[in-house]
Each structure stands twice: as structure tokens, then as C-alpha cells.
């Protein structure tokens, strides 16, 4: 588990108002509250979108690597990454190929889009 998203905080974590849409700020705020970290404006926060059984949006299921290793119920949401990072890139690369479309590519990746 070495790959994760890293985003720099543009303000202090406590100053973010829409925490549900900003996973890096939510992770920073949660870790600051735990006392494990002390994130401030300008710091870079790394996180991974996980399946946690909550049914929350992807932005609300962001976790720091330290949280994932200490909580066995957290697993990396591979479908999220296939749908949001792999699928769009493969679609752009395959766009010139007439015999392919986004649905075929999604199915090949193991994900069906309705």
C-alpha cells in the first residue's frame, strides 16, 4: 500500500467548511482530533478511499495509511479507483478505436455502468 492521493492544505484544517467534499481536510481534522498528527496550513495530507461499511460518499471514506493499517475492517475501494482513475484514462486512450466504447471498457475492468 504505497500509492495514495496527497493534497496540500490551503488553510488550517479547522477552517474548512465543506468537510464532506474535501477528503484531505476531513482526514487532517480527524487525525488532529486523535492527537496522532498535527496538520496545519501548507502540510500535505495523504489518503486512500476505502470501503468501511458506512455507505458514505467516497470523500467521506478517505483514510490515512496509519488508520488503514490499524483498522482491519478498512479495505481499499478498488472499484472507486477503477471507475475514477483507471476507466477515464483507458477510455481516452481507446477513443480512436472504433470498436470500443466506455461501456465495453468498464465491463472489461469488471465494472458495469448503467
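The values are calculated or read from the model by the stated rules, or taken from the named source; none is laboratory data. Everything quoted here is computed from the prediction, not taken from an experiment. All Cβ positions, even for glycine, are placed from backbone atoms using ideal geometry, and neighbour counts span all protein chains on display.
If a residue must be assigned to a loop (DSSP other than H, G, I, E, B) and touching a helix residue (DSSP H, G or I) at 6+ places or on another chain (Cβ under 9 Å), how many such residues does the range 96-114 contain?
Pass one, the range 96-114, residues assigned to a loop (DSSP other than H, G, I, E, B): 96-101, 109-114.
If we keep only those that are touching a helix residue (DSSP H, G or I) at 6+ places or on another chain (Cβ under 9 Å) as well, we get 100-101, 109-113.
Total satisfying the criteria: 7.
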Checked against (1) under 29 Å from residue 105 (Cα atoms); (2) surrounded by fewer than 18 Cβ atoms within 10 Å (Cβ to Cβ); (3) touching a residue at least 24 places away in the same chain (Cβ under 8 Å), residue 20 satisfies every condition except (1)
Residues in the range 1-13 that are modelled with pLDDT of 90 or more, surrounded by 13 or more Cβ atoms within 10 Å (Cβ to Cβ) and under 17 Å from residue 59 (Cα atoms) total 4
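Looking at residue 40, is it touching a residue at least 24 places away in the same chain (Cβ under 8 Å), over 12 Å from the mean Cα position of the chain (by Cα), more than 18 Å from residue 4 (Cβ to Cβ) and not in a loop (DSSP other than H, G, I, E, B)? Working first, answer last.
Values: touching a residue at least 24 places away in the same chain (Cβ under 8 Å): yes; over 12 Å from the mean Cα position of the chain (by Cα): yes; more than 18 Å from residue 4 (Cβ to Cβ): yes; not in a loop (DSSP other than H, G, I, E, B): no.
For residue 40, the condition - touching a residue at least 24 places away in the same chain (Cβ under 8 Å), over 12 Å from the mean Cα position of the chain (by Cα), more than 18 Å from residue 4 (Cβ to Cβ) and not in a loop (DSSP other than H, G, I, E, B) - is not met.
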Residue tally, condition surrounded by 14 or more Cβ atoms within 10 Å (Cβ to Cβ), over 11 Å from the mean Cα position of the chain (by Cα) and part of a loop (DSSP other than H, G, I, E, B), over the range 62-78
1
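Regarding residue 81, is this residue closer than 21 Å to residue 3 by Cα, modelled with pLDDT under 90 and either touching a strand residue (DSSP E or B) at 6+ places or on another chain (Cβ under 8 Å) or exposed (fewer than 11 other Cβ atoms within 10 Å of the Cβ) (or both)? So that I can check it myself, show each step before the final result.
Details: closer than 21 Å to residue 3 by Cα: yes; modelled with pLDDT under 90: yes; either touching a strand residue (DSSP E or B) at 6+ places or on another chain (Cβ under 8 Å) or exposed (fewer than 11 other Cβ atoms within 10 Å of the Cβ) (or both): yes.
So residue 81 passes the test.
Kindly indicate the residue of the range 49-58 that is in contact with a strand residue (DSSP E or B) (Cβ under 8 Å, 6 or more places away or on another chain) and closer than 27 Å to residue 104 by Cα and also surrounded by the most Cβ atoms within 10 Å (Cβ to Cβ) among those meeting that condition.
Taking the candidates together, the pick is 49.
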